[in-house]
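Here is the structure we will look at.
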Amino acid sequence: MAKINLKIKDIEDILLSLTPEELKVVMSGMTINKLAYKIDYSIRERRIARTELYFRAEPKPHQKINDKPMSPEEYNAHRQGIWEQIICQ
């Protein structure tokens, strides 16, 4: 198979020399991948939803359990448990 060396200028000249009917025939024979122009945000959306869920469920340092403030150890254990349930799925 012979290698074709066409430059952009050559292609432009060929396209300019075509009539509208010939150009329509050429374009109808071309396939365009419509998915190439679609951006998939599903992974980003799942990651954002998981992060938002974590920050909604995370305990606050001043939060009380049984009307007593949490100790730093209880707070860290509770926070770690929430993190494992949500982030480490």
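Are any of the residues in segment 44-64 among the hydroxyl-bearing types (Ser, Thr, Tyr) and surrounded by 10 or more Cβ atoms within 10 Å (Cβ to Cβ)? Scanning segment 44-64, I find at least one residue that is among the hydroxyl-bearing types (Ser, Thr, Tyr) and surrounded by 10 or more Cβ atoms within 10 Å (Cβ to Cβ), so the answer is yes. Residues that are surrounded by 12 or more Cβ atoms within 10 Å (Cβ to Cβ) and assigned to a loop (DSSP other than H, G, I, E, B): does segment 68-77 have at least one? Checked against the condition, which is being surrounded by 12 or more Cβ atoms within 10 Å (Cβ to Cβ) and assigned to a loop (DSSP other than H, G, I, E, B), segment 68-77 yields at least one hit. Against the test of being within 30 Å of Gln85 (Cβ to Cβ), part of a helix (DSSP H, G or I) and β-branched (Val, Ile, Thr), the options Ile43, Ile11 yield a single qualifying residue, Ile43.
All conditions in (1) within 24 Å of Ala77 (Cα to Cα); (2) modelled with pLDDT under 80; (3) under 22 Å from the mean Cα position of the chain (by Cα) hold for Leu35, with the sole exception of (1).
The values are calculated or read from the model by the stated rules, or taken from the named source; none is laboratory data. Predicted, not measured: the structure shown is a model, and the values here were computed from it. Note: ideal-geometry Cβ built from the backbone for every residue, glycine included; neighbour counts use all protein chains shown.
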